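Values quoted throughout were computed directly from the atomic coordinates according to the rules given, and no laboratory measurement underlies them. In this text the structure is predicted, and so the values were computed from the model without any measurement. For neighbour counting, all protein chains shown are included, and Cβ atoms are generated from backbone atoms with ideal geometry for every residue, glycine included.
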Amino acid sequence: MMNLQIAKWGNSLAVRIPADYVRQIGAKEGDQLVAHLGADGALNLSLPSRWNRKAFAQELAQETKALPMGTSVIEQLRQEVRY
């Protein structure tokens, strides 16, 4: 967590993003950021999603292997139902 100062920039206000943060998110000058305002007043900035289908599929396959298979939810409901 880092406290940042708001400064005047022309007729607008601006916040400087520390170089460390910029490197960590892979941003460069001219990139666009997406801003989300949370219900609690939090301002979240992020780069637009750079979704990679292949990387997502690999990550999903890895995570699926780690999950134990259990009883089907439908089967469990059928067993517990009372007539």
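Give, rounded to the nearest 20 debye, the magnitude of the charge dipole that the chain has about its Cα centre when Lys and Arg contribute +1 at Cβ and Asp and Glu contribute -1 at Cβ. Working shown, then result.
Numbers: 10 positive and 8 negative charges, 39 e Å.
About 180 debye.
Excluding residues fewer than 8 places away in the same chain, name every one of the lysines whose C-alpha is closer than 30 Å to that of K8.
By straight Cα distance, K8 reaches K28.
Would you mind checking the tilt of helix 53-66 against the longest principal axis of the Cα atoms of the chain, expressed as 0 to 90 degrees and rounded to 10?
That helix lies at roughly 50 degrees to the long axis.
For the chain, what is the Kirkwood estimate of the hydrodynamic radius, computed as the reciprocal of the mean inverse distance between distinct Cα atoms, to one decimal in Å?
18.1
Each residue of segment 42-49 in turn: what ³J(HN,Hα) in whole Hz from Karplus with 6.51, -1.76, 1.60 and θ = phi - 60°, glycine and Pro shown as x?
Ordered by residue, 3J(HN,Hα) equals 6, 9, 10, 10, 8, 6, x, 4 Hz.
May I ask you to evaluate 6.51 cos²θ - 1.76 cosθ + 1.60, the Karplus curve with θ = phi - 60°, for each residue of segment 15-27 and list the ³J(HN,Hα) values in order in whole Hz, giving x for glycine and proline?
Once θ is set to phi - 60°, the couplings for segment 15-27 become 10, 7, 9, x, 4, 4, 5, 4, 5, 5, 8, x, 8 Hz.
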